[in-house]
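Step one of this worksheet: look at the structure below.
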Amino acid sequence: MSEGSRSIVSVGWLAAHQNDPDIVVADVRWYLPTTGRNGREEYETDHVPGAVFVDLERDLAVPGGPGHGRHPLPPVDAFAGALGALGIGNRSHVIAYDDAAGSTAARLWWMLRQVGHRRVSVLDGGLSAWRATGYPVTADVPKIAPTTFIPDTRHGLVASRSDVDDARSSPGSVVIDARARERFEGRVEPIDVRAGHIPGARNAPFSENLFRSETDGISRFKTAEALRRQFENVGIDETKAVIVYCGSGVTACHNALALDIAGLPEPRLYVGSWSDWSSDEALPVATGEA
């Protein structure tokens, strides 16, 4: 298998292949409103040459609400239409990046896999690694040639509330929460209505999928072996059915990506995640360590 068909690629690989006719580079920068930053505005300032901008709120989600969480998935046909409008077709090899260690780029990676498209990779180290290596950036927005994307939806990769409720007490299942430990334990909750976690869930912060290089200070994915040991420590092996969740179904995809790198079974994503679960007063909440 070539590096280009793996779930992550290096900036060196992208620099060598970015002019290949089937490569589509996707800038998936997104920030919480409280940061005062705007992904599209930063894309328009500078980005990897040729990259198209993928808007998480518009292209990778629909408006949230009660019973759905903050970032529900768009209908498959709408997502396919958005991909085609971005120049992404069924033959495209999509290279997704952000400047947050892959935490939003992984949402595009997962969504493409969910509609049957496996030619998608996340740029390891993202825009930070691209810049640190000295590769050029530009403010020029590319002219997009729209195409058609035909989805082949893979059913069974999305978990419902009831699926999570069943899995959290099943010995054959593991539910993992990608949020930071302080949110998982309920010590802080800056966004959602209740603090804590789904009872029975185990904490696997997405940030722990990464290591920070002493050479350039950039965070990149750990090795497959290190990730496998890490997930084994929270009870995941080839025999377990895994559900991943986070705050709103975005950074949980980082854990799905890390599980793929580690060669472990493909998980289901609880898209509504904590923003959905915590909004229902009838559902139980746990605090403290798992």
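The values are calculated or read from the model by the stated rules, or taken from the named source; none is laboratory data. These figures come from a predicted structure and were not determined experimentally. Every residue, glycine as well, gets a Cβ built from its backbone with ideal geometry; the counts of neighbours run over all protein chains shown.
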In the range 26-63, the residues that are surrounded by fewer than 21 Cβ atoms within 10 Å (Cβ to Cβ) and among the aromatic types (Phe, Trp, Tyr): TYR31, PHE53
Residue in the range 7-17 that is exposed (fewer than 14 other Cβ atoms within 10 Å of the Cβ), out of contact with any Cys (no Cβ under 7 Å at 6 or more places or on another chain) and without any contact (Cβ under 8 Å) to a residue 24 or more places away in the chain present: yes
Some residue of the range 145-158 being over 21 Å from ASN255 (Cα atoms), crowded, with 19+ Cβ neighbours inside 10 Å and either modelled with pLDDT under 95 or touching a Leu at 6+ places or on another chain (Cβ under 7 Å) (or both): yes
